[in-house]
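Note sheet for the following structure.
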Amino acid sequence: MQTIGSHEPRRALVIGASMGGLFATALLQRVGWDAKVYERTPVELFGRGAGLSTQDELLQVLELSGASLRDL
């Protein structure tokens with residue numbers, strides 16, 4: 001894990017489990033940060049949002065974040 005100074009790990013709190021929040025958390029974790037994502041809605045997020053299309057940029061960030069593209 002990367003450190004600041006000599007002993008403290010880099011930590012991040014990502015507020016909001018939107019696609020941006022999920023990608024930010026995954027990418028920070030991939031480079032060694034202790035990153036956590038928080039969402040405050042009391043209900044599941046199933047069925048929310050407008051949907052996604054698989055543009056090249058989305059596929060690139062999915063790969064960078066460690067997601068498998070095998071099932072797309």
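A short reminder: the numbers here are calculations on the coordinates, not readings from a lab. Keep in mind that this is a model prediction, so the values were computed, not measured. No Cβ is skipped: glycine too gets one built from the backbone with ideal geometry, and neighbour counts run over all protein chains shown.
Close amide H partners of Val37, meaning residues 5 or more places away or on another chain with modelled amide H under 5 Å apart, are Val14. Please report the net charge: other residues with Cβ closer than 12 Å to the Cβ of Gln29, K and R +1, D and E -1. Net of charged neighbours comes to +3. So, counting K/R as plus one and D/E as minus one, what does the shell of residues with Cβ under 12 Å around Ala12 add up to? Summing Lys/Arg as +1 and Asp/Glu as -1 gives +2.
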